[in-house]
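Take a look at the structure below.
Every number here is computed from the coordinates shown, using simple stated rules; none is lab data. Since we're looking at a predicted model, the values are computed, not measured. Neighbour counts are summed over all protein chains in view; Cβ atoms, including those assigned to glycine, are modelled from backbone coordinates with ideal geometry.
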Amino acid sequence: MVSKEKFEAYVKVQKSGITNMFNITNVIEAADKIFEVELTKEDCIYIMENYKKLKGGERNAKIPM
């Protein structure tokens with residue numbers, strides 16, 4: 001599942017512009033070091049594949065993988 005906290009951390013990394021979002025290793029590291037949220041590779045891939053759905057307001061609920 002991807003929690004609201006994880007989705008928001010992903011978006012914060014994206015908006016910061018500090019890394020290419022396809023460099024998942026850097027996304028995970030930035031989320032952890034800057035926003036203190038642990039993302040996994042699976043979380044990032046799920047968010048990428050379901051970004052529009054998550055961004056569209058359904059991000060408040062936990063969505064199963």
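Pull out the extension gain between Lys33 and Ile45, defined as 0.36 nm times the separation in residues minus the alpha carbon to alpha carbon distance; nm, one decimal.
2.4 nm
Please state the Cα pair-distance histogram of the chain with 10 angstrom bins from zero: what percent is in each bin?
Binned Cα distances yield the sequence 24, 60, 16.
Check cross-link reach from Lys33 to the aspartates and glutamates: straight Cα distance under 19 Å, and skip same-chain residues fewer than eight apart.
Within the straight-line cut-off, Lys33 pairs with Glu5, Glu8, Glu42, Asp43.
Work out the charge dipole of the chain with +1 on the Cβ of Lys and Arg and -1 on the Cβ of Asp and Glu about the Cα centre, then indicate which of Thr40, Val2, Asn50 is farthest towards its positive end.
Asn50
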